[in-house]
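The values are calculated or read from the model by the stated rules, or taken from the named source; none is laboratory data. Just so you know, these numbers come straight off a predicted model, no measurement behind them. Neighbour counts run over all protein chains shown; Cβ positions are idealised from the backbone, glycine included.
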């Protein structure tokens with residue numbers, strides 16, 4: 001499995017200069033405004049850069065000045081370096097962005113690298129570009145660029161927060177929109193229908209998991225609309241009843257948990273290489289959060305996970321090596337990974353979440 005090994009960021013929002021080395025499961029905790037969301041935003045930027053949408057992203061964000069740490073008067077350029085590993089092989093992608101007078105960005109430099117970590121301490125440069133408005137890596141036919149592009153393109157930054165009446169997951173959708181679960185779960189019905197038809201064991205596991213937090217849930221009722229075979233809507237049945245309901249009859253927390261269970265319990269071959277989830281605990285009962293912690297740890301054996309949370313209950317279920325503490329000092333975000341040896345005595349009597357509440361870990365909630 002190709003994994004994200006390191007990310008180095010300079011000059012992005014509250015992140016002045018930080019280098020992070022990731023593990024399979026990475027859960028970030030910290031107070032409001034500490035910088036957790038800015039880290040998620042950094043991955044949004046990476047994703048948009050690789051798909052040649054830097055200028056659109058910059059405009060949507062309010063301009064280059066907003067994205068630079070304390071603005072362009074304080075920060076002259078934005079720097080990113082990502083390193084991916086597969087065994088002893090490493091691919092690196094690095095770029096610097098300079099703001100223009102039009103409050104946009106141009107690439108001061110963009111480069112790809114490769115190295116065998118067992119044989120060479122330094123990578124060798126494969127391609128180098130400069131002075132352009134959109135990423136050249138998106139157009140390169142070189143193997144290293146293709147590997148990096150494939151990894152960045154497979155990221156999923158998921159937000160299942162919108163469960164309003166107009167949310168996409170509650171609407172009629174296209175049956176054919178089932179290749180992957182979308183970031184807002186807008187194609188939830190179509191994706192579950194695919195699993196029902198092609199991956200029944202995984203589908204039943206999702207249903208069984210949902211029943212653990214919703215005893216009334218009898219199962220899904222998924223089939224194309226009788227009026228239009230190309231459309232489908234999420235329907236389910238209540239235990240002990242023949243009556244069918246749609247997504248509008250589910251509580252917000254139950255619907256979000258269904259989205260999370262579907263995301264984390266899908267077949268291994270369909271999992272993205274990296275999943276980012278911001279505050280997955282929103283609207284969930286404490287028992288559902290405890291179950292979610294187990295799902296995250298299980299999924300992390302097959303893919304990488306980056307999670308930002310404010311949930312003491314969720315953190316109580318984790319090991320120190322899973323947790324990063326985010327704190328903001330003098331306008332800068334600092335990211336610190338916990339180690340079991342730092343708190344072995346404390347953990348004999350308390351969970352990690354309790355230590356967080358007591359401000360033993362820092363990043364006070």
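Assessment of the range 27-48 against the conditions (buried (at least 16 other Cβ atoms within 10 Å of the Cβ) and more than 21 Å from residue 335 (Cβ to Cβ)) yields at least one matching residue. When the range 75-93 is limited to residues that are part of a loop (DSSP other than H, G, I, E, B) and at pLDDT below 95, the one that is nearest to residue 150 (Cα to Cα) turns out to be 87. Would you confirm, using the coordinates I've provided, whether residue 59 is farther than 21 Å from residue 328 by Cα, surrounded by fewer than 16 Cβ atoms within 10 Å (Cβ to Cβ), out of contact with any strand residue (DSSP E or B) (no Cβ under 7 Å at 6 or more places or on another chain) and at pLDDT 95 or above? Yes. Can you confirm whether residue 310 is closer than 22 Å to residue 156 by Cα and either surrounded by fewer than 18 Cβ atoms within 10 Å (Cβ to Cβ) or without any contact (Cβ under 8 Å) to a residue 60 or more places away in the chain (or both)? So residue 310 passes the test. When you scan the range 321-331, do you find a residue that is farther than 22 Å from residue 84 by Cα, within 18 Å of the chain's Cα centre (by Cα) and either surrounded by fewer than 18 Cβ atoms within 10 Å (Cβ to Cβ) or modelled with pLDDT of 95 or more (or both), even just one? Yes; the residues of the range 321-331 include at least one that is farther than 22 Å from residue 84 by Cα, within 18 Å of the chain's Cα centre (by Cα) and either surrounded by fewer than 18 Cβ atoms within 10 Å (Cβ to Cβ) or modelled with pLDDT of 95 or more (or both). Of the strands (runs of 3 or more DSSP E) lying entirely inside the range 121-235, those containing at least 3 residues that are more than 21 Å from residue 258 (Cβ to Cβ) and touching a strand residue (DSSP E or B) at 6+ places or on another chain (Cβ under 8 Å) are 124-129. Between 140, 109, 121, 154, the distinction of being at pLDDT below 90, surrounded by 13 or more Cβ atoms within 10 Å (Cβ to Cβ) and either more than 21 Å from residue 304 (Cβ to Cβ) or under 21 Å from the mean Cα position of the chain (by Cα) (or both) belongs to 154 only.
Residue-wise test of (1) modelled with pLDDT of 95 or more; (2) in a loop (DSSP other than H, G, I, E, B); (3) surrounded by 18 or more Cβ atoms within 10 Å (Cβ to Cβ); (4) in contact with a strand residue (DSSP E or B) (Cβ under 7 Å, 6 or more places away or on another chain).
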site	(1), (2), (3), (4)
255	yes, no, yes, no
259	yes, no, yes, no
263	yes, no, yes, yes
280	yes, yes, yes, yes
288	yes, no, yes, no
305	yes, no, yes, yes
314	yes, no, yes, no
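Selection over the range 211-249 of residues that are more than 26 Å from residue 176 (Cα to Cα) and surrounded by fewer than 16 Cβ atoms within 10 Å (Cβ to Cβ) gives a count of 10. Does residue 275 satisfy the criteria of being more than 20 Å from the chain's Cα centre (by Cα) and closer than 20 Å to residue 163 by Cβ? Here the answer is no, as residue 275 does not meet what is asked. Going by the conditions given, is residue 17 surrounded by fewer than 21 Cβ atoms within 10 Å (Cβ to Cβ) and in a strand (DSSP E or B)? For residue 17, the condition - surrounded by fewer than 21 Cβ atoms within 10 Å (Cβ to Cβ) and in a strand (DSSP E or B) - is met.
Of all residues in the range 124-137, those being over 19 Å from residue 58 (Cα atoms), surrounded by fewer than 14 Cβ atoms within 10 Å (Cβ to Cβ) and in contact (Cβ under 8 Å) with a residue 12 or more places away in the chain number 2. Looking only at residues in the range 329-365 that are touching a helix residue (DSSP H, G or I) at 6+ places or on another chain (Cβ under 8 Å) and part of a strand (DSSP E or B), the one that is farthest from residue 26 (Cα to Cα) is 333. I want to confirm something. Restricting to the range 83-106 and keeping residues that are touching a residue at least 60 places away in the same chain (Cβ under 8 Å) and out of contact with any helix residue (DSSP H, G or I) (no Cβ under 7 Å at 6 or more places or on another chain), which single residue is surrounded by the most Cβ atoms within 10 Å (Cβ to Cβ)? Restricting to residues being touching a residue at least 60 places away in the same chain (Cβ under 8 Å) and out of contact with any helix residue (DSSP H, G or I) (no Cβ under 7 Å at 6 or more places or on another chain), the top hit is 83.
In the range 265-275, the qualifying residues are those that are touching a residue at least 60 places away in the same chain (Cβ under 8 Å) and part of a helix (DSSP H, G or I), and the one that is farthest from residue 234 (Cα to Cα) is 270.
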